[in-house]
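Please treat every number below as a calculation from the coordinates, not as lab data. As the structure is a prediction and not an experimental result, all values here were calculated from the model. Cβ: placed from backbone, ideal geometry, glycine included. Neighbour counts: every protein chain shown.
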Amino acid sequence: MTVGLRLAGLALLVPAPAAATDCIHLNRVQAPVVTPDGALVYRRNARTAWSVRPVGSCPRLDPRVTIAVLSSGERLCRGDRFRILYPPVGAPGRVCRLGGFTPLP
């Protein structure tokens, strides 16, 4: 879908922003990467990725930690839980919940 935009008499067509989704398929994505601002990025390939933020507070979520998803299904969904594992030995930390998945450009 595209969105029309008029600028100084010129009509431009720009892609509409992709809608957020509640679930992604675990078997189609790589392990998450934690960004410096505490978001998780799940990447399918070089052109498709989603960003998801924890619901509420999830302290000490930074790029050095490992994420262990606590899901038994094939999909990872809003509200699913994950545990933070701290380096160097993967000491278990807090359990947090996932928010919605926002497509990245």
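Quick one: S71, S51, fewest Cβ neighbours within 10 Å first, how do they rank? Before the final figure, lay out each step's value.
Values: S71 14, S51 18.
With the fewest neighbours first, S71, S51 line up as S71, S51.
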Output ordering of 83-92, 96-105, 58-67 (per-residue mean of other Cβ within 10 Å, highest first) is 96-105, 58-67, 83-92
Label model pair T48, H25: point-to-point distance (7 angstrom along the Cα→beta-carbon line) in nm is 0.8 nm
By Cβ neighbour count within 10 Å, fewest first, D37, D22 rank D37, D22
